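Structure first, commentary second.
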Amino acid sequence: PKAIYLKNYQPPEYLIPETRLHFELHEEFALVHATLRLARRPGSSATSLRLHGEDLELLAIALNGRALVDGEYAVDDASLTLTGLAETVELQTTTRIRPQDNTALEGLYKSRAMFCTQCEAEGFRKITYFLDRPDVMSVFSVTIDADLERYPVLLSNGNRTAQSGLADARHRVVWEDPFPKPAYLFALVAGDLARVEDTFTTMSGRSVVLRIYVEEKDLGKCDHAMQSLKHAMRWDEEVYGREYDLDIFNIVAVDDFNMGAMENKSLNIFNTSCILASPETTTDVGFERVESIVAHEYFHNWSGNRVTCRDWFQLSLKEGFTVFRDAEFSADRGARDLKRIEDATLLRTAQFAEDGGPMAHPVRPDSFIEISNFYTLTVYEKGAAVVRMIHTLLGPERFRAGSDLYFERHDGQAVTCDDFVDAMQDSSGVDLSQFRRWYSQAGTPELAISGEYDADARTFALHVTQSCPATPGQPDKLPLVIPLAMGLLGDAGNLRLQLQGEPAGSELADNTHRVLEVNAAEQSFLFTDVPEKPVPSLLRGFSAPVRVRYDFSREDLCALMMRDGDGFARWDAGQQLMVQALGNLQTQRRDGEALALDPLLVDALGGLLRDEQLEPAVAAAMLALPGENTLAELASHAGGADVEGIHAAREHARGAIAGALGDELAGVYRRCRVSEEYAPVGEQIGRRTLANVCLSYLATLGEAQVALAATQLEAADNLTDRLAALQILAQYGEASQRESALQRFYDDWSHETLVVNQWLQLQAMLTVGDSLERVRALMEHPAFTLDNPNKVRAVVGAFASGNPTGFHRADGAGYGFLGGIVEILNRRNPQMAARLLVPLTKWRNYPAGRDAMREELQRLAALPDLSPDVYEVVSKSLA
Ligand code: DPP
Ligand code: ZN
């Protein structure tokens with residue numbers, strides 16, 4: 001497999017203004033008749049053309065109505081080449097494909113009883129010969145023929161323009177999409193589906209029909225998604241001025257899906273796990289995920305479909321922007337600080353690890369072997385953080401003007417990340433030339449900050465040094481533009497700020513919040529008229545995807561945690577205090593000393609528990625210890641992660657906190673229990689989350705407290721409380737209690753696939769007993785199959801990334817297990833296989849397992865027949 005490079009981008013020689021497809025769907029195969037109108041691109045003089053095509057059986061080919069014979073075209077396993085072409089031609093092909101055998105879930109495939117498609121990024125070439133690249137946009141018309149009884153519902157993009165009966169109990173439906181689109185946005189669905197329907201009236205008064213198609217049994221689980229869709233449509237009108245552009249919007253739920261969902265024009269296809277929701281089958285977190293993914297895919301209609309990417313190096317153009325849009329939507333719908341906490345945690349834990357590892361790449365990668373491997377946290381989440389920084393630098397009004405200009409300038413085009421930044425720059429007048437380095441430079445920047453108070457001069461200086469570690473192919477880094485949101489905390493609260501050089505008495509001067517623009521390797525910012533020595537509150541709201549180092553004392557962190565004016569900064573200070581405390585426990589353990597948790601931390605947590613004014617959701621986030629993966633990521637910079645030590649320190653801390661604050665925890669648990677009927681709304685969610693955090697601390701205290709979980713499991717009317725209780729029983733209960741609770745739960749819910757998947761996942765992450773044996777046994781369970789990505793993620797993925805002590809067990813068996821699964825999936829579902837491998841690629845961070853992890857990668861590297869997906873991950877992580 002060979003890498004392709006952004007610098008080698010060439011526009012296509014031919015365009016395809018019009019595409020007509022006719023599908024004949026059968027039980028053993030499908031026939032695809034394609035008629036493409038090809039037009040030479042103005043400026044090109046090419047007379048030959050190479051179309052993409054994989055796993056296709058070419059049955060017929062004609063140019064301008066004349067059948068071609070051997071020698072007039074060439075076919076290999078990836079393409080069809082035509083020569084001697086005029087300026088415009090009509091190409092007709094008939095290909096036979098086998099959706100039933102398509103286990104990679106790319107192109108046209110079967111999920112249970114229905115046909116569906118996934119074409120992003122390069123799946124369309126498995127359907128028919130085409131220029132399968134996003135800068136080739138075509139108007140599609142699609143005819144689908146299928147058996148009427150098995151597939152009464154036939155869907156594609158755009159509007160349904162005809163339907164008719166055919167011989168042999170078959171029928172035909174025709175769909176036409178007036179908007180030119182790249183092939184990756186094509187979609188087709190055929191199945192026996194039920195639907196719920198609603199309507200939405202757009203800001204200009206047009207009525208849009210909204211339909212969600214599911215299996216009949218799931219009809220009762222669509223309401224939340226439908227409401228989410230309507231909220232998203234309204235929000236995009238209000239916040240971005242973007243209106244939906246067709247009279248119909250369809251969503252289809254499928255069980256077998258590699259991703260979460262796909263934004264195909266007017267026919268979004270969703271993983272059932274990201275669309276179905278009910279109190280019995282979906283946790284609070286699940287409800288929020290459905291809302292944000294429905295919104296994300298809907299927002300793509302503008303940021304992705306109307307304006308798309310020129311090439312796949314620009315993936316973050318649509319994904320970074322759209323993640324930013326969905327994050328703001330969620331923040332507006334719920335609690336902003338909490339959303340920032342969640343996103344920062346994801347970025348710091350997983351994206352920083354990616355950015356510091358062998359697969360590190362810029363938000364706009366320079367090269368790739370297999371684009372599927374680049375649907376990463378860097379492209380999505382760091383990309384969104386980059387857009388957020390533009391938003392912060394410009395302010396909301398100028399950002400909106402920039403987005404208006406972007407959509408107006410590029411509607412109907414396939415463009416680049418630079419085009420996006422240009423629009424922001426041109427409309428605002430803010431020079432973003434240095435800022436653009438965020439798109440080309442990989443790695444997590446670090447700000448080393450120190451503070452200096454001069455009591456006589458009443459000044460406080462912040463000295464800021466920025467640096468960024470080397471990443472593969474990028475040894476040297478240039479300074480970035482980093483918006484550093486901050487404040488200064490004094491004894492009685494946040495201080496008013498006066499920056500040197502700022503006009504005194506200006507509107508800003510009354511403020512306790514500033515965004516400093518860090519843009520050089522070394523810089524100082526001087527605050528004047530500072531009446532006391534302050535504690536700086538830094539990187540408020542996680543204003544940039546960077547690490548900050550500041551030598552805070554434990555007392556400083558406590559002060560920020562209890563009193564800063566910024567919710568995110570309070571949480572963050574608490575996390576830093578916890579990281580220090582957990583680090584000390586690890587040291588004590590390594591030195592064979594008795595473990596003693598920092599009493600300052602215990603006091604601070606006690607203060608939180610006694611503060612009845614604090615929002616429950618915020619309290620819950622502040623009470624939760626940083627996760628084992630977060631701690632491992634931090635430790636990777638200090639000689640490597642000691643998985644056992646991290647786990648032991650964390651467990652000790654949980655027990656010590658519960659021991660010291662048992663009464664408070666029990667009191668808050670009782671006070672927060674929700675007695676009203678379940679609703680996935682912020683206030684209830686906050687109380688449930690807090691109650692379950694308290695319960696999980698209490699459970700470390702022994703039998704009597706574990707019994708609380710058993711009672712909760714019995715009484716619960718929703719999955720959130722049930723799963724939280726089951727997890728505690730399974731992790732802290734006696735073996736017999738564990739097994740019977742798990743078995744009973746399965747017996748009660750075996751008919752609900754999505755619940756069973758969560759049950760599988762919970763067990764894959766248990767750390768009692770032999771985790772790997774448990775996981776092996778789960779794979780033998782009738783509810784498990786390697787063919788369904790959700791199940792593979794629930795068991796194998798959750799074990800490898802959510803059960804560090806199990807996966808990193810000393811004998812290396814966890815690594816061998818994962819490698820074995822990757823080997824099986826390598827050909828069956830290469831995308832899944834490559835994704836599962838990610839935990840192994842972090843081998844350099846784990847001193848104890850380093851050799852065994854590397855050896856497993858080397859074993860995989862030596863296998864014959866590696867898919868490009870797996871090859872790329874394995875070879876880059878060994879390099
Ligand atoms: N469906 C995936 C997403 O929306 C890829 N476009 O992020
Ligand atoms: Zn997306």
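L577 meets all of the listed conditions (1) in a loop (DSSP other than H, G, I, E, B); (2) under 35 Å from the mean Cα position of the chain (by Cα) but one, namely (1).
Every residue, every condition in (1) outside any helix (DSSP H, G or I); (2) farther than 28 Å from M486 by Cβ; (3) within 16 Å of ligand 1 (Cβ to nearest atom), yes or no:
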position: P365; (1), (2), (3): yes, yes, yes
position: K382; (1), (2), (3): no, no, yes
position: T392; (1), (2), (3): no, no, no
position: F399; (1), (2), (3): no, no, no
position: G402; (1), (2), (3): no, no, no
position: R409; (1), (2), (3): no, yes, no
position: G412; (1), (2), (3): yes, yes, no
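G395 falls short on exactly one of the conditions (1) crowded, with 20+ Cβ neighbours inside 10 Å; (2) at positive phi, and that condition is (1).
Residues satisfying the criterion are absent from the range 103-123 (criterion: outside any loop (DSSP other than H, G, I, E, B), modelled with pLDDT of 95 or more and surrounded by fewer than 18 Cβ atoms within 10 Å (Cβ to Cβ)). Got a number for residues in the range 524-551 being of a type in the set (S, T, N, Q), part of a strand (DSSP E or B) and buried (at least 18 other Cβ atoms within 10 Å of the Cβ)? Number of matching residues: 1.
Selection within the range 309-318: residues that are over 14 Å from the mean Cα position of the chain (by Cα) and within 12 Å of ligand 2 (Cβ to nearest atom). The member of this set that is farthest from E370 (Cα to Cα) is L317.
Of the residues L377, L338, L347, the single one that is more than 16 Å from ligand 1 (Cβ to nearest atom) and under 14 Å from the mean Cα position of the chain (by Cα) is L347. Considering the range 149-190, there are no qualifying strands (runs of 3 or more DSSP E) wholly inside with 3 or more residues that are under 15 Å from H22 (Cβ atoms), touching a residue at least 40 places away in the same chain (Cβ under 8 Å) and touching a helix residue (DSSP H, G or I) at 6+ places or on another chain (Cβ under 9 Å). When G220 is tested against (1) surrounded by fewer than 18 Cβ atoms within 10 Å (Cβ to Cβ); (2) part of a strand (DSSP E or B); (3) not hydrophobic (A, V, I, L, M, F, W, C), only condition (2) is not met.
Residues are listed down the side, and each one gets a yes or a no for (1) more than 30 Å from P536 (Cα to Cα); (2) in contact (Cβ under 8 Å) with a residue 60 or more places away in the chain; (3) in the same structural domain as K382 (by TED's automatic domain parsing):
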| position | (1), (2), (3) |
| --- | --- |
| R400 | yes, yes, yes |
| D404 | yes, yes, yes |
| V421 | yes, no, yes |
| Q434 | no, yes, yes |
| A455 | no, yes, no |
| L462 | no, yes, no |
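Of note, M262 satisfies the criterion of being among the hydrophobic types (A, V, I, L, M, F, W, C), within 16 Å of ligand 2 (Cβ to nearest atom), crowded, with 17+ Cβ neighbours inside 10 Å and more than 19 Å from A113 (Cα to Cα). Selection of the range 319-340 for residues being away from ligand 2 (no atom under 16 Å from the Cβ), part of a helix (DSSP H, G or I) and surrounded by fewer than 23 Cβ atoms within 10 Å (Cβ to Cβ) yields A331, D332, R333, R336, D337, K339, R340. The set of residues in the range 225-259 being hydrophobic (A, V, I, L, M, F, W, C), within 16 Å of ligand 2 (Cβ to nearest atom) and farther than 21 Å from E328 by Cβ consists of I251, F257, M259. Considering every residue within the range 283-297, establish whether at least one is part of a loop (DSSP other than H, G, I, E, B), in contact with a strand residue (DSSP E or B) (Cβ under 9 Å, 6 or more places away or on another chain) and more than 9 Å from ligand 1 (Cβ to nearest atom). Looking through the range 283-297, none of the residues is part of a loop (DSSP other than H, G, I, E, B), in contact with a strand residue (DSSP E or B) (Cβ under 9 Å, 6 or more places away or on another chain) and more than 9 Å from ligand 1 (Cβ to nearest atom). Checking F313, F352, F321 one by one, the residue that is more than 16 Å from ligand 1 (Cβ to nearest atom), among the hydrophobic types (A, V, I, L, M, F, W, C) and in contact with a strand residue (DSSP E or B) (Cβ under 8 Å, 6 or more places away or on another chain) is F352 and no other. Any residue in the range 59-83 that's farther than 18 Å from D132 by Cα and in the same structural domain as H33 (by TED's automatic domain parsing): show its pairings with residues that are among the hydroxyl-bearing types (S, T, Y) and in a strand (DSSP E or B) at Cβ separation under 7 Å, as long as the two are six or more apart or on different chains. Partner pairs satisfying both residue conditions: L59/T94; L59/T95; A60/T93; A60/T94; I61/Y73; I61/T93; Y73/T81. The single condition among (1) closer than 24 Å to L49 by Cβ; (2) in contact (Cβ under 8 Å) with a residue 60 or more places away in the chain; (3) of a type in the set (A, V, I, L, M, F, W, C); (4) assigned to a loop (DSSP other than H, G, I, E, B) that A86 does not meet is (2).
Rundown of residues vs (1) surrounded by fewer than 21 Cβ atoms within 10 Å (Cβ to Cβ); (2) in contact with a His (Cβ under 8 Å, 6 or more places away or on another chain), yes/no style:
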position	(1), (2)
D717	yes, no
R744	yes, no
W749	yes, no
L754	no, no
L760	no, yes
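Once the range 261-282 is narrowed to residues that are under 15 Å from the mean Cα position of the chain (by Cα) and of a type in the set (S, T, N, Q), the residue that is nearest to ligand 1 (Cβ to nearest atom) is N271. Scanning the range 252-259 for residues that are modelled with pLDDT of 95 or more, in contact with a Ser or Thr (Cβ under 7 Å, 6 or more places away or on another chain) and in a strand (DSSP E or B) turns up at least one hit. Which of the residues belonging to the range 269-301 are of a type in the set (G, A, S) and surrounded by 24 or more Cβ atoms within 10 Å (Cβ to Cβ)? Those that are of a type in the set (G, A, S) and surrounded by 24 or more Cβ atoms within 10 Å (Cβ to Cβ): S273, A277, A295.
The values are calculated or read from the model by the stated rules, or taken from the named source; none is laboratory data. Nothing here was measured: the structure is a model prediction, and the numbers come from that model. Here the Cβ is made from the backbone with ideal geometry for all residues, glycine too, and neighbour counts use every protein chain on show.
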